[in-house]
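*Asks:* Here it is: the structure, laid out below.
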Amino acid sequence: MSNEPLFLDKALASFDALWSPRVLTRVNDYDVRVAKVRGEHIWHVHDDTDEFFLVLDGELRISLREPAGERTVVLPRGAVFTVPRGTEHKPYAPSGAELLLFEPSGTLSVGDRHEEIPGHVDATTGHPLGS
Ligand code: NI
């Protein structure tokens, strides 16, 4: 973690891997992560934590399985959305997106329960910036 100012554009330019978040900084026991995404993630659930998304560029869609049924939220650049703990969700970005995520350090990108992880999805608690 840096004690110098960080810049989102430089952080995003420092890696190319998709669905593989980098930890930008920490706030108390939370990570601020950035990620590049394209195509589909997987259905998964975080049993004990909400998950915050801010779309920095592109468009993210998140399908949600809620008690009332399944729906999809469409999040263009600048949109903020929080997936509540315990809600099964699947992010996808047909044309790609860049994201900022805020969630407790140690939170697995594929949740506590998930469907089979395909090769293009990284199951990680976030990589250090610059790795
Ligand atoms: Ni999630």
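*Asks:* With just the Cα atoms of the chain, tell me how far they stretch along each of the three principal axes, in Å, largest first.
*Replies:* Rounded to whole Å, the extents work out to 46, 30, 28 Å.
*Asks:* Another question about this same structure. Long-range amide H contacts for Tyr30: which residues qualify at under 5 Å (H placed 1.01 Å from N, peptide plane, sequence gap of 5 or more or a different chain)?
*Replies:* Ser105
*Asks:* Using only Cα atoms, what Kirkwood radius does the range 1-64 have, in angstroms? Don't skip to the answer; put the middle values down first.
*Replies:* Details: mean 1/r = 0.0735 Å⁻¹.
It is 13.6 Å.
*Asks:* Right, another one. What net charge do the residues around Glu51 carry, taking every other residue with its C-beta under 13 Å from that of Glu51, with Lys and Arg at +1 and Asp and Glu at -1?
*Replies:* On the way: positive: Arg33, Arg85, Lys90; negative: Asp31, Asp47, Asp48, Asp50, Glu88, Glu103, Asp112.
With Lys, Arg at +1 and Asp, Glu at -1, the net is -4.
*Asks:* Please report Rg over Rh for the range 54-98, where both radii come from the alpha carbon positions and Rh follows the Kirkwood definition.
*Replies:* On the way: Rg = 10.6 Å, Rh = 10.8 Å.
Ratio of gyration radius to Kirkwood radius for the range 54-98: 0.98.
*Asks:* Let me ask something else. In whole percent, what relative contact order does the chain give with Cα contacts below 8 Å and a gap of six or more residues?
*Replies:* Numbers: 317 pairs, mean separation 44.5, N = 131.
Averaging sequence separation for qualifying contacts and normalising by length gives 34 percent for the chain.
*Asks:* Mean residue ellipticity at 222 nm from the helices of the chain, using -39,500 (n - 2.57) per DSSP H segment of n ≥ 4 over the full residue count, to the nearest 500 deg cm²/dmol? Don't skip to the answer; put the middle values down first.
*Replies:* Details: 1 runs with 6 residues, N = 131.
Mean residue ellipticity, 222 nm, calculated: -1000 deg cm²/dmol.
*Asks:* Quick one: net charge around Gly126, please, counting Lys, Arg +1 and Asp, Glu -1 for every other residue with C-beta under 14 Å from its C-beta.
*Replies:* Values: positive: Arg22, Arg26, Arg33, Lys36; negative: Asp29, Asp31, Glu51, Glu103, Asp122.
In short, -1.
*Asks:* Please report the equivalent ellipsoid semi-axes of the range 65-131, computed as sqrt(5 x eigenvalue) of the Cα gyration tensor, largest first, in whole Å. Walk me through the intermediate numbers first.
*Replies:* Numbers: eigenvalues 84, 56, 37 Å².
Gyration-tensor ellipsoid for the range 65-131: 21, 17, 14 Å.
Bear in mind these aren't lab numbers, they're just calculated from the coordinates by the rules spelled out. Fair warning: this is a prediction, and the values are worked out from it, not measured in the lab. All Cβ positions, glycine included, derive from the backbone under ideal geometry; neighbour counts span all protein chains shown.
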